[in-house]
Amino acid sequence: MKKISYPVLVLIGFSIFFWWFPSTVKNSHGFQKTLKDTRDTFFKIRERSATRPTVLSDAVLVAIDEESTARLNARWPWSRRTFADLIDRLREGGARVIGLNVSFTGLEDGSDASSQDLARAMKAHGRVVIGVTFDRSNHLVKPSPLIAEAVRSYGYLEKIVDEDLLIRKSYPVRPYAAGGSFETSFPFQVFAAQTDENAGELHFDPELNLVTVGQPSRSVALGADGSYTINYLAGPAAFRRIPAWRVVQGKIAGDDVKGKTVFVGLSSSIFSDVHQTPLGMLPGIAVHANEWLSLASGRPLRFVPDGITLFISWLAALCVLGLFLLRRFWMGFVGFALAFGGFFLGAGIAFERDIIIEPFLFLMGPLLGMVAGVLAHSIKLLVDNKGLEKKVIHDKMTGLYKYEYLRECLDQEWKRCQNASLPLSVVMADLDRFKRINDTLGHEAGNRMIKKAGEAIRESARRYDIVSRYGGDEFVVLLWHANLAEAQAYRDRLRQLYHAMAQTLDQPLLKSSSISIGVAAYDPGIDPNFPPTAQRLLEEADRDLMLDKEKRRVPGEPAR
């Protein structure tokens, strides 16, 4: 029963801690950051190892970079006529949808001539989506009426930036406070523009918190705050990338953009449109393209409820902890390695299928189980060793130290006291007429007498002195840093305490009870060279014991 009670108590205590821990710290900054960072790591692993979506070949990034600005001899922001030329070239190349990650508000140079050129190019293509932003009052800044009429649609560009400045989430829609109207994000509008007019327009069900868009339709479930986690499927190197200057100058091949969705936008940190993401630094158009890619491939992320993840993690933790407690110690580490490796692999496989089993919560169980197993095993070893140590160095009957332990302490302290010129004393005590007690009253009475004597001697010594049972009815006390005078004073105190104890004994024991005590000291103040060894110190104490016995012997009484 004792063997099973400790593991059961540990398992119960661990289970309480396991379910308390995440519920208590789940909203803390450190826990949330660890949760996100672990998930980001799996995004990176998947991006390097998983097969890329086939629809990736349907997307092209047209990069507005420093080279394009230099080759076109244009300063940012580019003129609207330059964008009109770019749209015309893309139309001529057969681009299916053009997503311009650029806002066109107000007039340019105080007139609408350039806006008319841009509007003409947009109408001629028919499927141009542009970006818009929010002002400081969180109101959408719409494009100029001429541009708004010419584009297929427009969507806001803003994303959610976490405390660590990473973009992990987005708001697909921003509902108005009243009227049932809502605004839509740029990537969703680009995806909707692939279908015929109004066929794939976006629908938002506020009761189900569900966004549906496109033809065939794609559905995205939103969180309680209206956001969803972006499924980053491709890093910047995975997309087909064309510098904007080549497009404007018509230097693109026949199949570069034909039938493809083209994202046009800034791609340099100089233009302040490069952002931190789970896949590293990405330009804004690559972030939008990843949202579009998850929609086009029908791969929104699906999250396993945290409660289910924690339950599986807890079961694994109990298995690992149980191996530490009930089996060999090394088996606990084997169990941890198998569980942790299996969960890591399982989370990775789920990630490839766009199922998020929150990796940190998933792996937390085996990890905590291993830590708890090591601690529980160490505590058990410590307790067992303490018990074993007590059995090895303590006398079972009296609870005093065994003589072997005292002798080991004496040898160590002897060298130290000689080097530091410190005194050291040894006291030997022997019960008088003890054989008579055993012979007349029995061994049980003799054992009680030894226990009582041991208690009295232990009480007489200081807490840091070593009190040991030498064997039978003999005791040895090591007095730390006590000179000869102090040892003799201790002898008097011990005799008084023993006499007081003897008064509490039954009459037969009281009549036979007395004690002889011998002392010896290494006292540098008297003679720094005597005794020469620790063994000689013990012999001197034993000789003094015999003298004390003889001095106190009653005339006519045989030697004791």
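If I filter the range 311-331 for residues that are over 26 Å from Leu35 (Cβ atoms), surrounded by fewer than 21 Cβ atoms within 10 Å (Cβ to Cβ) and aromatic (Phe, Trp, Tyr), do I get at least one hit? Yes, some residue in the range 311-331 is over 26 Å from Leu35 (Cβ atoms), surrounded by fewer than 21 Cβ atoms within 10 Å (Cβ to Cβ) and aromatic (Phe, Trp, Tyr). Taking the criterion of being modelled with pLDDT under 95 and not hydroxyl-bearing (Ser, Thr, Tyr), the residues of the range 261-275 that qualify are Gly265, Leu266, Ile270, Phe271, Asp273, Val274, His275.
What about Thr24, is it surrounded by 16 or more Cβ atoms within 10 Å (Cβ to Cβ) and either assigned to a helix (DSSP H, G or I) or at pLDDT below 95 (or both)? Taking the combined requirement at face value, the residue does not satisfy it.
Quick check on the range 215-236. Is at least one of its residues outside any loop (DSSP other than H, G, I, E, B), of a type outside the set (Gly, Ala, Ser), within 30 Å of Arg81 (Cα to Cα) and touching a strand residue (DSSP E or B) at 6+ places or on another chain (Cβ under 7 Å)? Yes - at least one qualifying residue is present in the range 215-236.
If the condition is being modelled with pLDDT under 90 and either of a type outside the set (Lys, Arg) or crowded, with 20+ Cβ neighbours inside 10 Å (or both), then the range 147-179 contributes Pro175, Tyr176, Ala177, Ala178, Gly179. Applying the criterion of being more than 13 Å from Phe475 (Cα to Cα), among the hydroxyl-bearing types (Ser, Thr, Tyr) and not in a helix (DSSP H, G or I) to the residues of the range 381-440, the residue that is modelled with the highest pLDDT is Ser425. I need the full set of residues from the range 287-309 which are closer than 19 Å to Val60 by Cα and touching a helix residue (DSSP H, G or I) at 6+ places or on another chain (Cβ under 6 Å), in order please. Of everything in the range 287-309, those that are closer than 19 Å to Val60 by Cα and touching a helix residue (DSSP H, G or I) at 6+ places or on another chain (Cβ under 6 Å) turn out to be His288, Glu291, Trp292, Leu295, Ala296, Ser297. Among the residues making up the range 114-139, those that are surrounded by 16 or more Cβ atoms within 10 Å (Cβ to Cβ) and aliphatic (A, V, I, L, M) are Leu118, Ala119, Ala121, Met122, Val128, Val129, Ile130, Val132. Taking the criterion of being over 18 Å from Arg39 (Cβ atoms), surrounded by fewer than 18 Cβ atoms within 10 Å (Cβ to Cβ) and modelled with pLDDT under 95, would at least one residue in the range 186-194 satisfy it? Looking through the range 186-194, none of the residues is over 18 Å from Arg39 (Cβ atoms), surrounded by fewer than 18 Cβ atoms within 10 Å (Cβ to Cβ) and modelled with pLDDT under 95. The criterion of being on the phi < 0 side of the Ramachandran plot, in a loop (DSSP other than H, G, I, E, B) and at pLDDT below 90 does not hold for Pro524. Restricted to the range 230-258, and to residues that are within 19 Å of His288 (Cα to Cα) and not aliphatic (A, V, I, L, M), which residue is surrounded by the fewest Cβ atoms within 10 Å (Cβ to Cβ)? Applying the filter and picking the extreme gives Arg240.
When Leu538 is tested against (1) in a loop (DSSP other than H, G, I, E, B); (2) hydrophobic (A, V, I, L, M, F, W, C); (3) at pLDDT 90 or above, exactly one condition is not met: (1). Report, by residue number, each residue of the range 213-253 that is among the small types (Gly, Ala, Ser) and under 21 Å from Thr277 (Cβ atoms). Once the filter is applied, which keeps residues that are among the small types (Gly, Ala, Ser) and under 21 Å from Thr277 (Cβ atoms), the range 213-253 yields Gly223, Gly226, Ser227, Ala234, Gly235, Ala237, Ala238.
When Phe104, Phe31, Phe18 are checked against the criterion of being at pLDDT 90 or above and crowded, with 18+ Cβ neighbours inside 10 Å, Phe18 stands alone in meeting it. Does the range 480-520 hold any residues that are under 60 Å from the mean Cα position of the chain (by Cα), modelled with pLDDT under 95 and outside any helix (DSSP H, G or I), and which are they? Those that are under 60 Å from the mean Cα position of the chain (by Cα), modelled with pLDDT under 95 and outside any helix (DSSP H, G or I): Trp480, His481, Ala482, Asn483.
Taken over the range 275-310, the criterion of being surrounded by fewer than 18 Cβ atoms within 10 Å (Cβ to Cβ) and either aliphatic (A, V, I, L, M) or assigned to a loop (DSSP other than H, G, I, E, B) (or both) is satisfied by Met281, Gly298, Arg299, Leu301, Val304, Pro305, Ile308.
Residue count for the range 218-229 satisfying the condition of being without any contact (Cβ under 8 Å) to a residue 40 or more places away in the chain and surrounded by 14 or more Cβ atoms within 10 Å (Cβ to Cβ): 0.
The values are calculated or read from the model by the stated rules, or taken from the named source; none is laboratory data. Quick caveat, the model's predicted, so the values are computed rather than measured. Virtual Cβ from ideal backbone geometry, glycine too; neighbours counted across all protein chains shown.
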